[in-house]
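Please treat every number below as a calculation from the coordinates, not as lab data. None of the values given here were measured: they were computed from a predicted structure. FYI the Cβ positions are ideal-geometry reconstructions off the backbone, even for glycines, and counts take in every protein chain you see.
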Amino acid sequence: MLSLHVHDPVPPLVGHLPMGTAPDDPRPVRVDSRAVGRDGRPWLPVMGEFHFSRFPEARWRRELLMMRAGGIDLVATYLFWNHHEGSRGQLRFDGDRDVRRFVELCAELDLAVSVRIGPWSHGECRNGGFPDWLADVDCAPRTDDPAYLDLVRPYYAAIAEQLDGLWWADGGPIVAVQVENELYDQPDHLATLRALAEEVGMSAPLWTATGWGAAQLPPDVVLPLYGGYPEAFWEDASDGWAREVRRHYFPTPIRDDHAIGADLRTTAPEGSGPDDTRYPYATCELGGGMAIAYHRRPLVPAADVSALALTKLASGSAWQGYYLHHGCSQRLDLSTPNQESHATGYPNDLPVVNYDFQAPLGEYGQVRPSFAALRLQHLFLRDNGADLAPAELHLPDVTPADLDDRATLRWSVRCSGGPAFLFVNNHQPHEPLPDHHDVRFEVVLGDRTVRLPAEGVTIPSGAHFAWPIGYRVGEVDLAWASAMPVARSTWDGVPTAVFVATAGITPQFALPVGTEVDGARVDEHGVTTVANPGVDALVTATTPDGATARLLVLDEANGPRLQRLDVSGVDTLVLCDEPVVVDGDSTWLETGVEQVEVSSLPAPGVTRVLAGAPPLPTPTVEVVRAEAEAPPARTGGSRDRASAPLDEDFEHAAVHRVVVPPEALAGDDEVLLVLGYTGDVARAYLGGRLVADHFWHGPEWEIGLRRFADDVLEHGVEIRVLPRPAESAVYVDQSVRAQYKASLDTASVDSVRLVRRTRVELW
């Protein structure tokens with residue numbers, strides 16, 4: 001029996017901080033030491049990062065709709081100074097730089113916004129987003145040097161002018177503003193930046209700053225936000241897993257992360273950082289994936305992302321913020337390449353264009369498995385976030401000894417007097433955790449002891465989930481359940497809850513003794529067992545006092561397919577492999593397969609099979625030059641790591657020309673060119689113009705053609721592939737190293753196909 005004792009279920013609360021809206025605001029936002037509150041109740045924000053100026057404006061609305069369909073309710077975005085003031089005094093907010101249009105779209109779609117205004121932003125942008133001309137000005141950037149502030153003031157004023165009327169106090173969507181980024185030792189400067197922003201007209205209930213690396217922040221002026229990633233491209237090219245990253249797969253009260261941005265620090269973190277007892281645990285950079293650097297190319301499966309996110313909830317997170325939730329591309333219309341690189345003094349060489357980040361939504365809007373894995377957690381938060389947000393972390397009596405402990409089960413409970421939630425994470429990257437056999441939990445909540453499940457179970461390797469303790473469905477009380485609650489609604493007048501089982505664990509529900517159950521087996525203690533979870537596993541329970549509720553218990557395979565929609569005011573649950581989008585009076589999905597299945601719930605729901613994307617013709621591939629010459633192995637940057645090939649090296653690459661049939665690009669659908677190649681790096685050109693690039697790390701290379709359609713048809717897509725220099729120290733995941741070895745003497749395009757993402761109307 002694994003035990004946990006909560007001796008004081010309701011820890012002392014630090015009351016409202018001097019942050020938020022006025023008490024009489026019609027849309028109140030407040031923050032205390034446990035949680036953010038909105039509209040008079042706790043709010044656990046689900047925030048996704050999407051960089052508007054790195055993505056074509058014509059498709060912003062579609063991408064925001066997709067993010068909303070994934071459970072995002074707060075959109076974070078950087079403003080990169082060099083995107084808006086590339087030439088001193090010449091400010092641009094047109095086209096893809098139009099931050100006002102982006103925020104207006106968020107407002108239209110009922111998405112709150114957090115603007116990260118810099119001036120230094122990072123985001124793997126050249127010089128952190130500082131414009132090149134700043135280096136020629138006699139000033140001390142990122143300090144209170146008056147000469148520097150004189151440059152920041154007009155930039156901030158221009159942002160304020162663009163966003164006039166869109167602040168929260170005006171009825172707009174901007175609920176938070178972040179000043180600077182990863183600034184560790186200038187608390188007075190952070191306070192100055194907030195004051196300066198407010199002076200020129202910016203307004204928000206919440207002002208934030210990144211708190212990792214033991215950052216010194218001005219107390220109560222900014223809310224500290226934290227992060228954690230499943231991998232780290234900024235580590236050396238060693239074969240091992242980045243050690244500090246392991247921490248994010250253990251429930252722990254430690255919020256700080258000394259790994260993020262460590263490659264840019266010149267000194268080790270000092271001090272204890274912000275006072276964790278004063279602020280809620282809020283995050284802005286939970287890894288939705290990981291970028292690829294030339295020297296280190298991690299592979300991030302969906303479970304690495306979802307297990308990390310769930311472990312942060314298990315650790316007390318009251319604000320889930322993902323970086324990135326939507327991938328993007330570096331701008332190519334600036335006077336200098338926009339990525340961080342050895343040429344800019346950065347320790348790592350990043351691709352010139354690609355900033356896909358292996359995110360839940362990719363560089364061209366591709367839907368990744370991590371999207372559905374996170375959406376399932378977001379359904380859990382949509383239904384339970386108000387209870388979970390103020391709930392405190394409680395760790396078991398026996399916890400893992402250190403970051404190398406793979407034998408001790410990782411679990412925790414969050415509660416503060418109301419419903420409690422038991423979290424388990426038995427997944428971590430690279431080094432799988434073992435199965436845990438004959439597991440039962442004992443949770444002591446004051447004078448109440450809960451033991452679950454009814455008998456010992458095996459927690460499989462890779463499992464990560466949350467179970468409720470004290471859970472109400474209508475008027476029916478569940479003492480506990482050994483399945484994850486993801487939605488409560490009312491169907492045909494009957495309160496109904498949807499749960500998702502964990503593979504290998506039979507779901508059980510502790511109902512009041514004497515409850516009559518239809519659709520499952522119940523024992524004399526009121527424990528109901530659902531032996532075969534699935535779309536038809538619908539249980540009706542009627543308590544001795546006549547209260548009735550239904551439980552729909554999905555199997556693990558269908559859990560990530562579950563989606564909750566508001567269709568014309570009707571709460572609707574469906575199962576589908578593709579994200580279903582509600583857009584006003586229209587409900588639709590996009591698919592790249594020939595047919596797609598949509599099932600309504602509850603059982604016995606209706607299943608519809610819809611025509612999707614018909615197969616596209618295979619492009620023609622012309623071999624222009626088969627031979628390739630490996631570039632010399634180079635190193636650079638402050639850490640002397642392997643450097644990416646230079647522009648001139650691609651003059652010696654293998655060259656293939658892909659000819660796309662005109663009918664493939666008819667219409668407005670996105671069309672992906674999917675390439676399999678052998679080599680170290682590859683680039684795509686249109687009429688001699690670089691449009692996409694890729695550092696090989698295992699998956700096929702996908703290029704969205706819609707934004708380049710005219711040039712694709714006129715020129716064809718020229719693919720240049722270089723082999724790997726034998727002396728370059730490059731890390732790729734263990735699972736793909738045998739394939740990567742071939743790049744030492746081969747540079748070739750091996751497969752080419754087209755995938756059309758076709759829009760299908762549902763209702």
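Could you work out Rg/(2.2 N^0.38 Å) for the range 718-761, with Rg from alpha carbons only?
On the way: Rg = 15.7 Å, N = 44, 2.2 N^0.38 = 9.3 Å.
Normalised Rg, Cα atoms only: 1.70.
Full-extension gain between residue 3 and residue 61, please, as 0.36 nm times their residue separation minus the C-alpha to C-alpha distance.
Values: separation 58, 0.36 × 58 = 20.88 nm, distance 4.84 nm.
Between residue 3 and residue 61, full extension yields an extra 16.0 nm.
Select from 178, 279, 43 the residue farthest towards the positive end of the dipole of the chain; place +1 on Cβ of Lys and Arg, -1 on Cβ of Asp and Glu, and compute about the Cα centre.
Farthest towards the positive pole: 43.
From the alpha carbon gyration tensor of the range 435-557, can you work out the equivalent ellipsoid semi-axes (sqrt of 5 times each eigenvalue) and give them in Å, largest to smallest? Kindly include the intermediate steps, with their values, before the conclusion.
Working: eigenvalues 97, 61, 32 Å².
The equivalent ellipsoid of the range 435-557 has semi-axes of 22, 18, 13 Å.
More than 17 Å apart: what percent of Cα pairs in the range 565-663 qualify?
Numbers: 3527 of 4851 pairs.
Value for the range 565-663 (Cα pairs over 17 Å): 73 percent.
To the nearest 0.05, how large is the calculated FRET efficiency for residue 668 and residue 622 if R₀ is 25 Å and r is the Cβ-Cβ distance? Spell out each step's value before the answer.
Values: r = 28 Å, r/R0 = 1.12.
Working from the Cβ atoms, E equals 0.35.
According to the Cα gyration tensor, what semi-axes, each the square root of 5 times an eigenvalue, does the equivalent ellipsoid of the range 49-180 have, listed from largest to smallest in whole Å?
Values: eigenvalues 145, 45, 33 Å².
That gives 27, 15, 13 Å for the three semi-axes.
Show me 349-358, 503-512 ranked by packing, highest mean number of other Cβ atoms within 10 Å first. Walk me through the numbers before you get to the answer.
Details: 349-358: 24.0, 503-512: 21.2.
Put in order of decreasing packing, that is 349-358, 503-512.
Please list the three semi-axes, largest first and in whole Å, of the ellipsoid equivalent to the range 568-618, using sqrt of 5 times the eigenvalues of its alpha carbon gyration tensor. Present the calculation step by step, with values, prior to reporting the outcome.
Numbers: eigenvalues 110, 42, 10 Å².
Working through the eigenvalues yields semi-axes of 23, 15, 7 Å.
Can you compute the FRET efficiency between residue 405 and residue 238 using 1/(1 + (r/R0)^6), with r the Cβ-Cβ distance and R0 = 22 Å? Round to the nearest 0.05. Kindly include the intermediate steps, with their values, before the conclusion.
Values: r = 22 Å, r/R0 = 0.99.
Efficiency, from the Cβ-Cβ distance: 0.50.
How large is ³J(HN,Hα), in whole Hz, for each residue of the range 122-133 in order, when computed from phi with the Karplus curve 6.51 cos²θ - 1.76 cosθ + 1.60 and θ = phi - 60°, using x for Gly and Pro?
6, x, 6, 9, 3, 6, x, x, 5, x, 4, 5
Around residue 427, with a cut-off of 11 angstrom between Cβ atoms, what is the net charge of the other residues, counting Lys and Arg +1 and Asp and Glu -1?
Numbers: positive: 410; negative: 304, 431.
For residues surrounding residue 427, the net value is -1.
In the chain, once you exclude exposed GluC sites (Glu not before Pro) (DSSP loop, at most 10 other Cβ within 10 angstrom), what's the longest stretch remaining?
Working: sites that count: 524, 627.
With a cap of 10 other Cβ atoms within 10 Å, the longest stretch comes to 1-523.
Run the Debye formula on the Cα coordinates of the chain, all scatterers equal and no solvent, and tell me log10 I(q)/I(0) at q = 0.08, 0.10 1/Å.
Debye intensities relative to I(0), on a log10 scale: -0.67, -1.07.
Return the distance in nm (one decimal) between the two label points of a simple spin-label model at residue 143 and residue 268, each offset 7 Å from Cα along Cα→Cβ.
Modelled inter-label distance: 2.6 nm.
For the range 1-105, compute Rg over Rh where Rg is the Cα radius of gyration and Rh is the Kirkwood radius from the inverse mean 1/r over Cα pairs.
Working: Rg = 19.9 Å, Rh = 17.4 Å.
With Rh from the inverse mean 1/r over Cα pairs, Rg/Rh is 1.15.
Mind listing the phi-derived Karplus ³J(HN,Hα) values for the range 320-327, rounded to whole Hz, using 6.51, -1.76 and 1.60 with θ = phi - 60°, and x for any glycine or proline?
For the range 320-327, the Karplus curve yields 9, x, 9, 10, 8, 8, 10, x Hz.
When the Karplus curve 6.51 cos²θ - 1.76 cosθ + 1.60 is applied with θ = phi - 60°, which whole-Hz ³J(HN,Hα) does each residue of the range 257-263 get, with x for Gly and Pro?
Working through the residues one at a time gives 9, 8, 8, 5, x, 5, 5 Hz.
Suppose only helical runs count, i.e. DSSP H with n ≥ 4. What mean residue ellipticity at 222 nm does that imply for the chain under -39500 (n - 2.57) per run, divided by all residues and rounded to the nearest 500 deg cm²/dmol?
Working: 9 runs with 99 residues, N = 763.
Helix-only estimate at 222 nm: -4000 deg cm²/dmol.
With label points built 7 Å along Cα→Cβ from the Cα atoms of residue 335 and residue 523, find their separation and express it in nm.
7.5 nm
Using only the alpha carbon atoms of the range 620-761, find the Kirkwood hydrodynamic radius as the inverse mean reciprocal pair distance, in angstroms to one decimal. Intermediate values should be presented prior to the final figure.
Numbers: mean 1/r = 0.0626 Å⁻¹.
16.0 Å is the Kirkwood radius here.
May I ask you to derive the FRET efficiency for residue 490 and residue 185 from their Cβ-Cβ distance with R0 = 60 Å, giving the value to the nearest 0.05?
Details: r = 54 Å, r/R0 = 0.90.
Once rounded, the FRET efficiency stands at 0.65.
How much of the DSSP beta bridge set in the chain is antiparallel, as a percent to the nearest 5? Each step should come with its number before you reach the end.
Working: 116 of 156 bridges.
Rounded to the nearest five, the antiparallel share is 75 percent.
Go through 391, 381, 415 and say which Cα lies farthest out towards the positive end of the charge dipole of the range 369-425; charges sit on Cβ, +1 for Lys and Arg, -1 for Asp and Glu.
Going by the charge dipole, the pick is 381.
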